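Just so you know, all these numbers are worked out from the coordinates, no wet-lab data involved. Just so we're clear, the structure is a prediction, and the values are computed from it rather than from any experiment. Neighbour counts run over all protein chains shown; Cβ positions are idealised from the backbone, glycine included.
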């Protein structure tokens with residue numbers, strides 16, 4: 001009988017994405033390897049955090065039972081007993097945030113192939129930047145670190161502190177390839193700057209009205225990528241040259257750019273109008289800016305249609321917030337480090353499920369695109385692999 005049963009715990013299909021050897025290497029790289037054997041070694045704590053995200057919003061002890069249930073079925077339980085809630089809390093503190101963040105950044109990368117439907121447009125890999133807020137446990141430490149939202153009615157502040165999560169999403173697969181976490185005071189634009197390490201040549205990055213600053217466009221262009229951002233319809237973008245497809249050449253130059261002696265950022269502007277099918281009398285003006293300057297290589301009508309797909313990024317955030325985490329569920333950790341652990345665990349689980357969908361679709365993704373695979377079906381299947389099979393691996 002194995003002498004150290006915590007080494008045998010597994011999380012089904014997710015264990016294949018994040019194998020013990022990789023988890024151990026990341027833990028060691030972050031300096032969290034134990035000097036003595038514990039009831040809750042670092043590897044088991046990593047898998048426990050992933051199981052928390054997979055079975056959200058189940059309580060601690062129920063998650064731990066899911067994680068080690070395979071040991072009982074295999075007759076390997078022996079004298080090992082699941083730890084207490086207090087012991088789990090202390091183990092999470094020992095692990096810290098760094099191994100979870102490092103595991104995510106080590107694994108998360110674009111998944112789409114060039115033949116995958118919806119993943120590329122005119123040779124550009126389609127990516128999107130977007131942000132959202134997550135409600136977190138109402139503690140003094142969390143409120144101080146992440147702050148609370150205002151109610152907007154002069155009644156003080158919102159009930160729960162919130163953490164801002166900004167993600168870089170691959171269109172074709174719905175995979176989150178990078179993420180930045182911060183307080184409401186950081187702002188979406190500031191956190192988006194932290195994601196430039198995952199942006200590179202051959203990408204076309206789409207974003208909403210919170211992003212199109214001169215600094216943001218410069219940051220994306222510096223990576224070798226291109227942008228297509230929406231700007232407020234009333235923003236003035238000077239007409240330097242009117243083009244046949246209705247777009248015009250323009251430039252971005254802020255007072256800060258001018259004071260610093262920077263050259264203007266050459267851009268192209270596209271204006272169009274959309275009506276709401278549910279409210280035919282309501283129309284909305286859209287104004288896009290892009291660094292794709294040649295209208296023959298990037299026609300204005302195609303850019304307008306392409307921007308409409310940016311809502312795919314919001315769908316990804318909904319997958320995490322509503323289906324995976326649970327609607328109206330508050331992240332339970334009482335301190336900022338625990339909150340960050342939870343969020344990285346949710347990102348890791350979501351990435352693993354999206355990778356599984358891409359693999360399962362195989363050649364069908366060339367016609368359907370991986371973003372058409374059912375996320376909720378994959379989530380339920382992943383939960384079953386934990387509870388219906390031992391999922392054991394060697395120490």
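Extension gain, residue 380 to residue 241, is 44.7 nm, computed as 0.36 nm per intervening residue step minus the present C-alpha separation. Exposure proxy shown here: for 311, 248, 258, the number of other Cβ atoms within 10 Å sets the order, fewest to most, as 258, 311, 248. Distance between the modelled labels on residue 262 and residue 35, one decimal in nanometres: 4.8 nm (7 Å Cα→Cβ projection).
Taking other C-beta atoms within 10 Å as the exposure proxy, 52, 203 rank 203, 52 from fewest upward. Under 20 Å from a label point set 7 Å out along the Cα-to-Cβ vector of residue 87, the amide N atoms of the stretch 40-63 belong to 40-52, 59-63. The peptide list 336-346, 226-236, 209-219, put in order of mean Cβ contacts within 10 Å with the highest first, becomes 336-346, 209-219, 226-236. Taking each residue as 0.36 nm, the span from residue 274 to residue 314 lengthens on full extension beyond its C-alpha to C-alpha distance by 12.5 nm. Look at where the Cα atoms of the stretch 81-154 and of the stretch 290-313 average out, and the two centres are 29 Å apart. Residue separation of residue 359 and residue 323 scaled by 0.36 nm, minus their Cα-Cα distance, works out to 10.9 nm of gained length.
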